[in-house]
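Step one of this worksheet: look at the structure below.
Where a number appears in this text, it was derived from the coordinates with a stated rule and is not lab data. Being a predicted model, the structure only gives us computed values, none of them experimental. Neighbour counts run over all protein chains shown; Cβ positions are idealised from the backbone, glycine included.
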Amino acid sequence: MQNQQRMMWLLRAEGLALLLLSSAAYVQLGGSWREFALLFLLPDVALLGYWLSSRIGAWAYNATHSYLGAAMLLGAGLVLSQYKLVLFGLIWFAHIGFDRALGYGLKYSEGFRHTHLGVIGQQR
């Protein structure tokens, strides 16, 4: 296996770990599975930006699929003692982990298929 392929598997394994750990923390905190299911795909609303242009779509997708937003939401929930914000941050992290585990990385403006994890849909 080439170094690049090993790196891709490592990054995807990190995504899976994030999905599992954030989901486990969500369960430990007593979060509702119904709420989890309703909010899990919310970050993908950003895909609508691709209707405007690849550049806007990539920016919107990256804004909702980088760890920064989820970390800020979770951190705000902890600092403000707002239980729901913590749960929402964990759902957001779980979504990002799910996408990364499937190989969907942050997008380049060349198009949806061009990600920091490689080109989606092509042999690596």
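For Leu16, the shell of other residues with beta-carbons less than 13 Å away shows a net charge of 0, using +1 for Lys and Arg and -1 for Asp and Glu.
In this simple spin-label approximation, Gln5 and Asp44 carry label points 7 Å from Cα along the Cα→Cβ vector, and these lie 2.9 nm apart.
For the pair Glu14 and Ile120, a Förster radius of 22 Å applied to the C-beta separation gives a FRET efficiency near 0.80, rounded to the nearest 0.05. GNM, the chain, Cα, under 10 Å: largest mean-square fluctuation among Gly75, Gly103, Gly89? Top of the fluctuation ranking is Gly75.
Shape index of the range 55-95: Rg/Rh, with Rg the Cα radius of gyration and Rh the Kirkwood radius from the inverse mean 1/r over Cα pairs, equals 1.08. Across the chain, C-alpha contacts under 8 Å between residues 6 or more apart give a mean separation that, scaled by the residue count, equals a relative contact order of 33 percent. Computed from backbone phi, the HN-Hα couplings of the range 39-44 come to 9, 4, 8, 3, x, 6 Hz, rounded to whole numbers (Karplus: 6.51 cos²θ - 1.76 cosθ + 1.60, θ = phi - 60°; Gly and Pro given as x).
Modelled spin labels at Glu35 and Trp51, positioned 7 Å past Cα toward Cβ, are 3.0 nm from each other. Of the Cα atoms belonging to the range 13-63, the radius of gyration and Dmax stand at 14.3, 41 Å. Per the Debye calculation on the range 30-91 with a single equal scatterer at every Cα and no solvent contribution, log₁₀ I(q)/I(0) for q = 0.14 Å⁻¹ amounts to -0.46. Each residue of the range 65-124 gets 70 Å³ once the volume of the Cα convex hull is shared out per residue. Residues whose amide H falls under 5 Å from that of Leu106, counting only those 5 or more places apart or on a different chain, are His116, Leu117, with hydrogens built in the peptide plane. If you run the Gaussian network model on the chain, springs between alpha carbon atoms under 10 Å, then out of Arg12, Arg113, Arg34 the most flexible one is Arg34.
Mean projected area of the convex hull spanned by the Cα atoms of the chain, taken over all viewing directions: 8.2 nm².
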